[in-house]
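The values are calculated or read from the model by the stated rules, or taken from the named source; none is laboratory data. Being a predicted model, the structure only gives us computed values, none of them experimental. Using ideal geometry, Cβ is built from the backbone for each residue, glycine included, and neighbour counts are taken over all protein chains shown. SASA here: full protein model, heavy atoms, side chains in, ligands and nucleic acids out. Shrake-Rupley method; radii C 1.70, N 1.55, O 1.52, S 1.80 Å.
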Amino acid sequence: MQDFIKNLPKAELHLHIEGTFEPELLFEIAKRNQIGIPYATVEELRKAYQFDCLQDFLDIYYRGANALQTEQDFYDLTFAYLQKCNIQNVRHTEIMFDPQTHTDRGITFETVINGISRACDDAKKKFGITSLLIMSYLRHLSEEACFKTLEQSLPFKDKIKAVGLDSSEKGNPPSKFQRVFEASVKEGYIPLAHAGEEGSAEYVWEAIDLLGIKRIDHGNNSLQDPELVKEIIKRDLALTVCPLSNKALKVQEDLTKHPLKKMMDIGLKVTVNSDDPAYFGGQVNKNYEEIQKALNLSKEDLYVLARNSFEYSLLDQVTKEKYLKELETYYDKNK
Ligand code: HPA
Ligand code: ZN
């Protein structure tokens with residue numbers, strides 16, 4: 001199974017670039033920017049990655065991101081992730097980035113986007129990996145702050161495919177961002193959002209009805225409401241599920257009780273993703289491996305998950321079909 005997963009062509013649809021910041025690279029970049037870290041060694045820092053909930057994680061994740069200062073830092077971070085994609089046969093990736101985490105520290109939007117997108121261009125040339133960028137608004141910040149970010153993004157519109165919504169979910173419902181999402185859609189961005197990770201099914205309703213999202217990040221708590229499940233299936237929205245993230249943040253304590261297979265069985269379109277791999281114990285292939293073992297998934301289940309990852313990507317139809325064909329050929333030979 002491990003080899004089957006390793007070579008399975010796949011796309012990653014839920015990935016925060018700031019969440020790929022491995023302790024080794026964090027130390028290296030902090031050193032070159034002369035920024036102090038309150039940990040003596042890489043091992044000590046990694047040991048601090050123990051969380052009881054989403055907020056615990058976010059506090060450490062935002063602190064780590066402070067080390068990123070220059071365009072080259074964002075390039076190095078992104079290229080390191082794309083190299084990992086290459087060895088895992090991730091053929092396409094949709095990368096979220098949180099501009100406000102950086103612009104609020106005085107780093108320009110341009111520095112962030114140029115570093116990330118130059119790495120994506122190089123990975124396309126070097127490995128043939130395609131990528132799209134999702135600009136995520138931080139939901140613990142105000143609507144006004146998000147409008148400002150939208151404004152800052154406009155000169156770089158050609159590099160950004162979609163908008164997302166992340167950070168502390170509870171107490172920050174999608175309704176708070178209805179107007180900024182409407183404005184973002186008018187500018188041509190596709191609307192996406194985290195919903196139903198720690199928030200209730202009600203938050204997922206708001207995300208689909210008020211924000212009009214085209215894909216649901218996490219979405220676990222949708223299962224609380226059978227009417228909502230029916231609606232998600234009717235609208236053909238996929239869920240970007242992140243098993244190791246769910247385990248690390250205690251959204252799902254035990255992977256053997258994870259609802260991924262149940263979701264598939266009731267007709268939801270599910271994909272497997274790593275979310276913040278440097279913090280949650282594994283890249284996307286590790287997520288496939290762990291959930292396969294925990295739920296005893298078949299090769300066919302894994303194939304369906306990979307197929308969903310291409311079908312529900314934001315790619316154009318021609319590129320999607322190219323990848324789907326590659327996947328079919330692989331599955332025919334290896335099933
Ligand atoms: N949830 C919400 N915000 C985030 C996450 C997440 O899993 N990862 C990075 N920002
Ligand atoms: Zn996420």
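Do we find a residue being within 16 Å of ligand 2 (Cβ to nearest atom), surrounded by 18 or more Cβ atoms within 10 Å (Cβ to Cβ) and without any contact (Cβ under 8 Å) to a residue 40 or more places away in the chain anywhere in the range 144-161?
We begin by selecting, within the range 144-161, every residue within 16 Å of ligand 2 (Cβ to nearest atom); these are none.
Within the range 144-161 (the criterion being within 16 Å of ligand 2 (Cβ to nearest atom), surrounded by 18 or more Cβ atoms within 10 Å (Cβ to Cβ) and without any contact (Cβ under 8 Å) to a residue 40 or more places away in the chain), the answer is no, since none of the residues qualifies.
What's the total number of residues in the range 150-177 that are within 13 Å of ligand 1 (Cβ to nearest atom) and acidic (Asp, Glu)?
Summing the residues that are within 13 Å of ligand 1 (Cβ to nearest atom) and acidic (Asp, Glu) in the range 150-177 gives 2.
Which of the residues that make up the range 23-49 are within 16 Å of ligand 1 (Cβ to nearest atom) and surrounded by fewer than 19 Cβ atoms within 10 Å (Cβ to Cβ)? I'd like the intermediate steps shown before the answer.
First, the residues of the range 23-49 that are within 16 Å of ligand 1 (Cβ to nearest atom): 26, 49.
Hit for the range 23-49 is Tyr49, nothing else.
Step by step: first the residues of the range 259-275, then only those that are assigned to a loop (DSSP other than H, G, I, E, B), over 17 Å from His92 (Cβ atoms) and touching a Leu at 6+ places or on another chain (Cβ under 8 Å), then the one that is farthest from ligand 1 (Cβ to nearest atom). Which residue is that? Outline the logic, then answer.
Keep residues of the range 259-275 that are assigned to a loop (DSSP other than H, G, I, E, B), which gives 259, 266-268, 273-274.
With over 17 Å from His92 (Cβ atoms) added as a condition, the list becomes 259, 266-268.
Within this subset, residues satisfying the condition of being touching a Leu at 6+ places or on another chain (Cβ under 8 Å) are 259, 268.
Values: Pro259: 17, Leu268: 19 Å.
Among those that are assigned to a loop (DSSP other than H, G, I, E, B), over 17 Å from His92 (Cβ atoms) and touching a Leu at 6+ places or on another chain (Cβ under 8 Å), it is Leu268.
Of the numbered conditions (1) surrounded by fewer than 20 Cβ atoms within 10 Å (Cβ to Cβ); (2) over 18 Å from Lys214 (Cα atoms), Tyr323 fails exactly one; give the number of that condition.
Among (1) surrounded by fewer than 20 Cβ atoms within 10 Å (Cβ to Cβ); (2) over 18 Å from Lys214 (Cα atoms), the lone unmet condition for Tyr323 is (1).
Here are some conditions: (1) within 16 Å of ligand 1 (Cβ to nearest atom); (2) surrounded by 21 or more Cβ atoms within 10 Å (Cβ to Cβ). Lys250 meets all but one. Which one does it not meet?
(2)
Here is a check on your reading of the model: is Ile208 under 19 Å from the mean Cα position of the chain (by Cα), away from ligand 1 (no atom under 16 Å from the Cβ) and not in a loop (DSSP other than H, G, I, E, B)? Before you say what the answer is, go through the steps one by one.
Values: under 19 Å from the mean Cα position of the chain (by Cα): yes; away from ligand 1 (no atom under 16 Å from the Cβ): yes; not in a loop (DSSP other than H, G, I, E, B): yes.
Here the answer is yes, as Ile208 does meet what is asked.
If I go through the range 131-142 residue by residue, how many of them are in contact with a helix residue (DSSP H, G or I) (Cβ under 7 Å, 6 or more places away or on another chain) and assigned to a strand (DSSP E or B)?
Number of matching residues: 5.
Return yes when Ser136 is buried (at least 23 other Cβ atoms within 10 Å of the Cβ), in contact (Cβ under 8 Å) with a residue 40 or more places away in the chain, away from ligand 1 (no atom under 16 Å from the Cβ) and within 28 Å of Ile208 (Cα to Cα) and no when it is not.
On the way: buried (at least 23 other Cβ atoms within 10 Å of the Cβ): yes; in contact (Cβ under 8 Å) with a residue 40 or more places away in the chain: yes; away from ligand 1 (no atom under 16 Å from the Cβ): no; within 28 Å of Ile208 (Cα to Cα): yes.
Spelling it out, it is not the case that Ser136 is buried (at least 23 other Cβ atoms within 10 Å of the Cβ), in contact (Cβ under 8 Å) with a residue 40 or more places away in the chain, away from ligand 1 (no atom under 16 Å from the Cβ) and within 28 Å of Ile208 (Cα to Cα).
Mind checking which residues of the range 77-87 are of a type outside the set (Val, Ile, Thr) and either within 14 Å of ligand 2 (Cβ to nearest atom) or open to solvent by 20 Å² or more (accessible area, probe 1.4 Å) (or both)?
Once the filter is applied, which keeps residues that are of a type outside the set (Val, Ile, Thr) and either within 14 Å of ligand 2 (Cβ to nearest atom) or open to solvent by 20 Å² or more (accessible area, probe 1.4 Å) (or both), the range 77-87 yields Phe79, Ala80, Gln83, Lys84, Asn86.
When Gly212 is evaluated against the numbered criteria (1) open to solvent by 20 Å² or more (accessible area, probe 1.4 Å); (2) in contact with a His (Cβ under 9 Å, 6 or more places away or on another chain), which criterion, by number, is the only one it fails?
The failed condition is (2).
When the range 96-130 is examined, which residues are found to be assigned to a loop (DSSP other than H, G, I, E, B) and open to solvent by 10 Å² or more (accessible area, probe 1.4 Å)?
Those that are assigned to a loop (DSSP other than H, G, I, E, B) and open to solvent by 10 Å² or more (accessible area, probe 1.4 Å): Asp104, Arg105, Gly106, Ile107, Thr108, Gly128.
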